[in-house]
1. What is the antiparallel percent of DSSP beta bridges lying wholly in chain A, to the nearest 5?
2. What is the angle, in °, between the Cα long axis of helix A:169-186 and the longest principal axis of the Cα atoms in chain A? Nearest 10 is fine, range 0 to 90.
3. Near the amide H of A:K316, under 5 Å away, which other amide H atoms are found, from residues 5 or more places off or on another chain, if H is placed in the peptide plane?
4. Please say if the protein assembly as shown is rounded, prolate or oblate, where rounded means a/c under 1.5 for a ≥ b ≥ c the square roots of the C-alpha gyration tensor eigenvalues, and otherwise the choice is prolate for a/b larger than b/c and oblate otherwise?
5. Quick one: angle between helix A:95-105 and the longest Cα principal axis of chain A, in degrees between 0 and 90, rounded to 10, please.
6. Run through region B:62-147 and list the trypsin sites (Lys or Arg not before Pro) located in a DSSP loop whose Cβ has at most 10 other Cβ atoms within 10 Å.
7. Using only Cα atoms, find the angle between the long axis of helix A:360-384 and the longest principal axis of chain A, and express it within 0 to 90 degrees, rounded to the nearest 10.
8. Are there trypsin sites (Lys or Arg not before Pro) in region A:1-89 that DSSP puts in a loop and that have at most 12 other Cβ atoms within 10 Å, and which ones?
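Just so you know, all these numbers are worked out from the coordinates, no wet-lab data involved. Note that the coordinates shown come from a computational prediction; the quantities given were computed from them, not determined experimentally. Neighbour counts run over all protein chains shown; Cβ positions are idealised from the backbone, glycine included.
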Amino acid sequence: MKENVIITLKDICVAFDGETILNNLNLDIKDGEFVTILGPSGCGKTTTLRIIAGFQEPDSGEVIFDNQVMNGVPAHKRRVNTIFQRYALFPHLNVYENIAFGLRLKKMKEDAIQAKVKEMLALVDLRGFERRSIDSLSGGQQQRVAIARALAVDPEVLLLDEPLGALDLKLRKDMQVELKNIQQRLGITFIYVTHDQEEALSMSDKVIVMDGGEIQHIGTPEDIYNEPANAFVADFIGESNILDGIMLSDCRVRFSGHDFDCVDKGFALNEPVDVVVRPEDVDICAPEDGMLTGVITSVTFKGLHYEIIVDINDFKWMIQTTDYSAEGETIGILIKPDEIHIMKKSKYSGEFGDYSSFSDEMDYISNAELDITDLDDITEVDEDE
Amino acid sequence: MNNRTYNAITAPYGLWMAVFIVAPLAIVAYYALTDAAGHFSLENITQLSLYTDTIFRSVWFGLVATILCLVTAYPLAYIFSKTKASTQTVLVMLIMIPMWMNFILRTYAIMVLFEDTGIINHFLQSIGLSPLHLINTSGAVIFGMVYNYVPFMVLPLYTTMTKLDYKYIEAGRDLGANGFQIFKDVMIPLTKPGIISGVTMVFVPSVSTFYISQKLGGGRYTLIGDVIEMQFQTAYNYHLGASISLLLMVFILVCLAVMNRFGDAEEGMVV
């Protein structure tokens, strides 16, 4: 990975109908990075991508490519290319002509076009598909054609707007690996938008977590998982138990009525903080040996582990363990100092991290609803242009 | 649905088609291929050569009117499709309302506008300009056609454009296409179904139109539709009238076939 910054977004603000979409966004993207913008629907991630692509102008702020301000430069003059959510392959052209579309606009010679299309089809593993019509392709194949079409014009930066959203789980996993491989082989910058945290963690060099039009955390996948900046990030990336705590001194925190050793420093004396403990970091033991004790209220078998909900001092913890315990049983828990992560209080404090109303189904329902708002967002943008 | 009900439901339509579509066609064909005594004859067909000029003029006028309709309607339909949904309803209504008025009335209205002492010339003179000779020109006839048939072009274009996914245009831009290239390489191909049905719906009635040419062309630009009307209304030569109708029908069928071929051909463009 090279160290020079290729794209900078500076103080970007966007509002639609008085509703803030992006609030003072600042972002540097380095050449050759695989950057993922991660966030729930409506967090402004797609808008950020569209601003880089040139489909949308920010209300204020600067878009800078290679030290050049790009505000006002239309999409077709920017050296970035997009892979659209639902691919947007031209239905009136076959696979060959779709991939050749951008090359023809560059007035390339026919034999050069032919060679390039062939190379691209080989890259995405679709040799021999030249004459197929778009309708005759499966979702995964269309996805590959979309990648080939965008990469054919040699972009410096490839923008990917939830490109795997329409694929089934198995195919999505395969494509994740493949996209990462393509990115590493070509060495170009990928800016990838998704609401799937697992996708973000497994593919990216750098993850940008967004919510409410603001960046919540920028860091490597390990950073954002292990050291989340606030309760939102901790909850959005994986599962978290988030408790109210008080810093007693450096490396000493009190929560749930017990004093724990931890590794975080630099907080004020008796400062209220959010304490994050990942479900997989909690060890179960006999009640008399535990730092805390509680009663198991539910047990779910997840394959790799059991997911148990434990009521400890009226706070419902989620714990992932490979040892079976029965519902109603009283257990003790142990937490090692380096498995406790302390965060400053934020506007998200108290909103997340309690599993008292937890259910997989609820998660699913609220996600689907949000997807609809996401689509509305896109239409609004369309009218704008 | 069982077979019995299916038959019961389709029977009236079958009867309708037999009586009002198949039978009239057969009668036209019969008249076209017989003489006054009812004997088989190709005389009517050979007589068609007398009308070569008229046929050519009809096709030419129809073609010009269709192109003008397309050129006018395409941007209009695009503008319609880009407005708010509620505005779209109003705009489409405005296009349709004139169609609810009688065709003859509309043509008369154009006469009143175009006459040498008509409203337009009256206005021109009142602001100190010299009057224009508008009525009884080929331009007036074509204007009449465009005016009457343009809604048939707007509506199918508008329908395809509202269904056009804006993502395709963005994808084109993304790949480096400028405004004109987007129009040529993305918009036109994706709206082709609308173009083809609009062209069909304007060209067919334009070629076979009558009355417009009589009222706005002052009888100087007889079209094939007028000749057919004449054969039935004044010359009472049903046989010749039928043969011209048959020719027109065949001609239009050929045109449609060619156009549909053209429509399909581009679909799987060759590598």
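1. 75 percent
2. Helix A:169-186 and the main axis of chain A meet at about 60 degrees.
3. The list, which skips near neighbours in sequence, is A:Y355, A:S356.
4. Here the protein assembly as shown falls in the prolate category.
5. 70 degrees
6. Filter output for region B:62-147: B:K84.
7. For helix A:360-384, the angle is close to 40 degrees.
8. A:K2
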